[in-house]
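Visitor: Please read through the structure below; I'll follow up with questions.
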Amino acid sequence: MSGPRTTDVVVIGGGQSGLAAGYHLRRAGVDFAVLDADAQPGGAWRHMWESLRLFSPAPYSSLPGRLMPVQRGEEYPEAAHVVRYLTEYEQRYGLPVERSVRVRGVHGEGGFLRVESDSGTWRARAVVSATGSWRRPFVPAVPGQADFRGRQVHTAGYRSPKDFAGQRVTVVGGGNSGAQIAADLAAHDGIDLTWATRRPPRYLPDDIDGRALFDTATARRRALDAGREDTGGVASLGDIVAVPSVRAARDSGLLAPRPMFARLDSNGPVWPDGSRQEADAVIWCTGFRPALAHLAPLGLRSARGHVPTAGTRAVREPGLHLLGYGDWTGPASATLVGVGRPARDAVREITALLG
């Protein structure tokens with residue numbers, strides 16, 4: 001049996017964050033490998049629902065080094081366009097992505113990090129964890145879930161209204177995915193939609209898209225780093241970007257949210273006042289959690305489930321960087337346009353570590 005493969009850096013995850021890290025590692029002349037669990041390029045974008053659109057025009061949704069081409073006839077590109085862009089980006093820069101590789105664990109080993117996978121073991125001076133959250137959907141515990149006889153689907157499993165033709169569907173969640181999926185269903189005749197949210201939906205002004213969101217997130221990070229008062233960031237503006245499909249459904253009166261129900265029974269939601277709504281399906285648009293199980297052997301996670309970081313670097317493991325999980329790993333770092341800067345900063349620290 002052959003021993004571990006040795007390289008300077010292992011990047012875990014070949015989606016947008018892993019590719020951004022790979023771009024900067026390639027420019028730095030560092031020896032590295034990118035390990036991706038998927039069989040094909042595109043990261044989480046390959047698994048999105050059919051009608052999904054980006055929040056920003058293509059030029060403002062780009063990874064470092066190459067602008068995303070404009071999609072003909074679309075101001076806000078669809079997910080399939082993003083997949084094509086990421087595929088071409090990987091090829092353009094010759095990034096060494098090894099596919100269908102599932103990482104089981106990262107272990108400390110005397111100044112090195114040992115990455116164990118179902119395709120072998122790597123030994124590296126540094127690791128960039130860029131696994132995102134798509135593989136770890138979150139569904140809140142609601143009384144009666146096990147009693148409901150209908151179908152329960154998370155955002156990660158939603159594809160198209162065609163799958164719910166003629167059905168009574170309850171969408172749960174007042175964020176972007178909840179609003180977009182509710183709008184997607186509401187636009188199709190024959191679907192009886194109920195949209196349940198914990199608080200009244202907060203739409204951002206119609207003229208705000210991903211460009212303004214990135215600027216707002218960056219301004220908040222700079223204020224916090226300078227010891228100034230927290231501006232609230234994107235959350236201070238609202239929860240839902242009014243992309244064209246959401247705006248059209250909202251303005252047509254098709255999005256009529258109800259407060260969150262108290263429980264489920266065998267037939268559907270039950271509200272605190274005892275009123276009931278029969279449902280054939282419940283779609284949980286309730287978010288995701290960081291996919292960090294592979295880092296468990298290092299024992300770095302806090303009670304909140306995050307790994308404490310200074311920028312992207314793990315506080316207790318100088319050879320580990322986390323990229324693309326949210327604002328705690330860089331302003332807007334879970335977005336295409338936002339991940340480039342923290343990826344650059346992470347690689348700068350890694351090259352200093354490598355000497």
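Visitor: Being more than 22 Å from the chain's Cα centre (by Cα) and in a loop (DSSP other than H, G, I, E, B) is the filter; apply it to the stretch 1-27 and report the residue that is nearest to residue 343 (Cα to Cα).
Guide: Result: 4.
Visitor: Just to verify a result, which residue in the stretch 340-355, among those that are hydrophobic (A, V, I, L, M, F, W, C) and more than 10 Å from residue 16 (Cβ to Cβ), is surrounded by the fewest Cβ atoms within 10 Å (Cβ to Cβ)?
Guide: Across the stretch 340-355, the extreme among qualifying residues is 352.
Visitor: Within the stretch 25-47, can one find any residue that is over 30 Å from residue 125 (Cβ atoms) and open to solvent by 50 Å² or more (accessible area, probe 1.4 Å)?
Guide: Yes, the stretch 25-47 contains at least one residue that is over 30 Å from residue 125 (Cβ atoms) and open to solvent by 50 Å² or more (accessible area, probe 1.4 Å).
Visitor: Being farther than 22 Å from residue 321 by Cα and of a type in the set (A, V, I, L, M) is the requirement here; does residue 103 meet it?
Guide: The answer is no for residue 103.
Visitor: What pairs come out if I take residues in the stretch 160-178 that are more than 16 Å from residue 268 (Cβ to Cβ) and pair them with residues that are part of a strand (DSSP E or B) whose C-beta lies under 6 Å away, six or more apart or interchain?
Guide: That search, which allows pairs on different chains as well, returns 174/197; 176/240; 178/171.
Visitor: Now for a separate question. Looking at the stretch 306-323, is at least one residue assigned to a helix (DSSP H, G or I), among the β-branched types (Val, Ile, Thr) and farther than 20 Å from residue 173 by Cβ?
Guide: Among the residues of the stretch 306-323, not one is assigned to a helix (DSSP H, G or I), among the β-branched types (Val, Ile, Thr) and farther than 20 Å from residue 173 by Cβ, which makes the answer no.
Visitor: Please go through the stretch 144-191 and pick out each residue that is under 18 Å from residue 289 (Cα atoms) and touching an Asp or Glu at 6+ places or on another chain (Cβ under 8 Å).
Guide: 174, 175, 176
Visitor: Looking only at the stretch 186-201, which residues are free of Cβ contacts under 8 Å to residues at least 60 places away in the same chain and surrounded by 14 or more Cβ atoms within 10 Å (Cβ to Cβ)?
Guide: Correct list: 188, 191, 192, 201.
Visitor: Of all residues in the stretch 48-65, which are open to solvent by less than 40 Å² (accessible area, probe 1.4 Å) and part of a helix (DSSP H, G or I)?
Guide: 58, the sole residue that qualifies.
Visitor: Now for a separate question. Residue pairs, Cβ under 6 Å, 6 or more apart or interchain, first in the stretch 37-54 and in contact (Cβ under 8 Å) with a residue 40 or more places away in the chain, second open to solvent by 40 Å² or more (accessible area, probe 1.4 Å) and polar (S, T, N, Q). List them.
Guide: Pairs that qualify, where the first residue is in contact (Cβ under 8 Å) with a residue 40 or more places away in the chain and the partner is open to solvent by 40 Å² or more (accessible area, probe 1.4 Å) and polar (S, T, N, Q), are 39/100.
Visitor: Okay, moving on. Only residues in the stretch 135-147 that are under 18 Å from residue 44 (Cα atoms) and touching a residue at least 40 places away in the same chain (Cβ under 8 Å) count as the first member; pair them with residues that are assigned to a loop (DSSP other than H, G, I, E, B) and open to solvent by 40 Å² or more (accessible area, probe 1.4 Å), Cβ under 9 angstrom, at least 6 apart or cross-chain, and list the lot.
Guide: Going by the 9 Å Cβ cut-off, the qualifying pairs are 136/289; 137/289; 138/289.
Per-residue answers, yes or no, for (1) touching a Leu at 6+ places or on another chain (Cβ under 7 Å); (2) on the phi < 0 side of the Ramachandran plot:
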residue	(1), (2)
312	yes, yes
319	yes, yes
324	no, no
340	yes, yes
347	yes, yes
352	no, yes
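Visitor: Taking the stretch 283-339 as the search range and keeping residues that are β-branched (Val, Ile, Thr) and open to solvent by 20 Å² or more (accessible area, probe 1.4 Å), which one is nearest to the chain's Cα centre (by Cα)?
Guide: Per the criteria, the residue is 335.
The values are calculated or read from the model by the stated rules, or taken from the named source; none is laboratory data. The structure displayed is predicted, hence computed values, not measured ones. Virtual Cβ from ideal backbone geometry, glycine too; neighbours counted across all protein chains shown. All accessible areas refer to the heavy atoms of the entire protein, side chains included, with ligands and DNA or RNA removed. Shrake-Rupley method; radii C 1.70, N 1.55, O 1.52, S 1.80 Å.
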